[in-house]
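Coordinate-derived values only; no laboratory data. All values derive from a computational prediction rather than experimental measurement. No Cβ is skipped: glycine too gets one built from the backbone with ideal geometry, and neighbour counts run over all protein chains shown.
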Amino acid sequence: MNRLSRKIMTLFAPAAATLLLFAAVASAHVTVAPAQSSTGAWETYTLKVPSEKDVATVQVDLRVPAGAEFKQYEATPGWDVTIEGNKVSWIANGEGIQKGQFQRFYFTAKNPDAAGDIAWNAYQHYADGSLVQWSGEAGTENPHSITTIVQASGGDEHSHGSNVKSDSMSMEEHNAIMKDEEKSNSVNPMVYIAVGISLLAFLIAAISILRGRKE
């Protein structure tokens, strides 16, 4: 490898590392989907929890936002559920969520009657006793999920959920949840901006080296 190639690789390494770092951060967030629902709806929400450490995730606490009412949850094998006020906890009674895995938890909540944004603060407990708090604002290292509650139109007071309680989920509801979850997990535009700046800096440096070599 000649001197020019080594210089270019030296400059490229930080940019590549930045790209991988932002990609990992963007995909490892604890999220609650859907990102939008309607006032007064009995919405079926999905809490998605990835485990990003070498040890297992053994407990997840979720704070139900003010104005929303936790109604029911879907039993998940290997997990116990406790409810204390506005805190809902999923506690592993087995191995928990291992590194490289993720787990989905489904629950139903009644949305607030007023339109606006509600924030879902989540707290992820690991087997080594460490805690990751997903309670920051958008754009921070550990952001909470936001659901935008829009005014129900024409007396339609349900989104993917229903005002009628149900213990089962239809395929249409499941597909709708998956679609909304993909939207909720979409990468923050700031990630693309940061990566773009890093790559641009690399290109400028590489061009400067090439020009210097020609001169």
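Quick one: which of 116-127, 70-81 comes out on top by average Cβ neighbours within 10 Å, and what's the full order, highest first?
116-127, 70-81
Using all C-alpha to C-alpha distances in segment 29-80, build P(r) with 10 Å bins and read off the rounded percent in each one.
Going out from 0 Å in 10 Å bins, segment 29-80 shows 17, 51, 26, 6, 0 percent.
To make sure I understand, if each residue's beta carbon is the centre and we count other beta carbons within 10 Å, what order do S37, S89, S145 fall in, fewest to most?
Ordered by Cβ neighbours within 10 Å, fewest first: S89, S145, S37.
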